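Comments concern the structure below.
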Amino acid sequence: MSVRMRKKKNIGPRLEACSPLMVENPAELKGKWREFLKCDKLMLEIGCGKGKFTLGTALQNPDRGLIALERVSEAIVMAAEKAMAEGVTNVRYVIGDAANLAEFFAPGELDRIYINFCDPWVKKKHAKRRLVYRDFLKTYAGLLTEDGEIFFKTDNRLLFDFALEEIAVSDFIAENICYDLAASGMPNITTEYEEKFMALGTPINRVEMKKKKI
Ligand SMILES: C[S@@+](CC[C@H](N)C(=O)[O-])C[C@H]1O[C@@H](n2cnc3c(N)ncnc32)[C@H](O)[C@@H]1O
């Protein structure tokens, strides 16, 4: 048996051990997440990976609810294990795809969305898969409150420039655009990917997208 197979075999029991923090049927909580997490403000992180940022954000915002969405169970289990070890109660983990967000959340249910180091999908023919593509931004706009916002970070300058172009034709305006987060001195919770890029000296790009007032 390959190492990969052995790892996969182990995922079930590990996820089971994290069950207090896992939400198996997110669609059942659509429109009820705030009540479920007993919070006034609800945040979503898309593509949480191994969950360093998720844990840091949950700990820093104990009065807010945080949902971490990730489509790869091998990654999300590591994220959930981190939160279990810390005993945090304001975060939940969902195995799922951003393409299905409208099944999980009601219109206006989210206050903030985090997208950190999403896959750049470098080929032009795959542009629609980028999580900052205009169709995704339209979905996010519908799920966010009137004052809702998206915080986006990436090491990939081409993806960042693409995001700024997509924001320009979306229901958001770009604020606090930053091309070198470390140099900016802004407070920052790093992700696993971010730490790798920072170690290589790669500048990190960041933008806040604020919903336009109608
Ligand atoms: C490059 S990794 C970055 C992980 C983490 N955010 C970080 O910065 O360390 C991108 C992550 O997003 C997840 N992902 C990509 N597309 C997704 C989608 N459509 N829905 C949910 N997760 C997705 C991938 O499985 C992967 O874990």
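Points to keep in mind about this one:
- The chymotrypsin sites (Phe, Trp or Tyr not before Pro) of segment 24-63 include none that meets both criteria, a DSSP state outside H, G, I, E and B (loop) and at most 14 other C-beta atoms within 10 angstrom of the site's C-beta.
- Sequentially through segment 112-121, phi angles give Karplus couplings (6.51, -1.76, 1.60; θ = phi - 60°) of 8, 10, 10, 10, 10, 6, 6, 4, x, 6 Hz, Gly and Pro residues having no value and appearing as x.
- Cleavage-rule hits (trypsin sites (Lys or Arg not before Pro)) in segment 118-214: DSSP loop, at most 10 neighbouring Cβ within 10 angstrom: Lys123, Lys213
- The trypsin sites (Lys or Arg not before Pro) of segment 34-95 that meet both conditions, a loop assignment by DSSP and at most 14 other Cβ atoms within 10 Å of the site Cβ, are Lys38.
- Difference of contour (0.36 nm per residue) and Cα-Cα distance, Ala85 to Leu200: 38.4 nm
- Cross-link partners for Lys41 among the lysines, with Cα-Cα distance under 25 Å and sequence neighbours closer than 8 places in the same chain left out: Lys30, Lys32, Lys50, Lys52, Lys82, Lys138, Lys153, Lys210, Lys211, Lys212, Lys213.
- For segment 115-214, alpha-carbon Rg and Dmax in angstrom: 13.4, 42
- Size descriptors for the chain, from the alpha-carbon set: Rg then Dmax equal 16.9, 58 Å.
- Inter-part distance where segment 55-72 and segment 175-214 are each reduced to a Cα centre, Å: 18 Å
- Our summary gives segment 13-107 a relative contact order of 36 percent, counting only alpha carbon pairs under 8 angstrom and 6 or more residues apart.
- Set of segment 188-214 residues, backbone N closer than 19 Å to the point 7 Å along the Cα-Cβ line of Ile173: 207-214
Where a number appears in this text, it was derived from the coordinates with a stated rule and is not lab data. Quantities reported herein were computed from a predicted structural model and do not represent experimental measurements. Cβ coordinates were reconstructed from backbone atoms using ideal geometry, including for glycine residues, and neighbour counts include every protein chain displayed.
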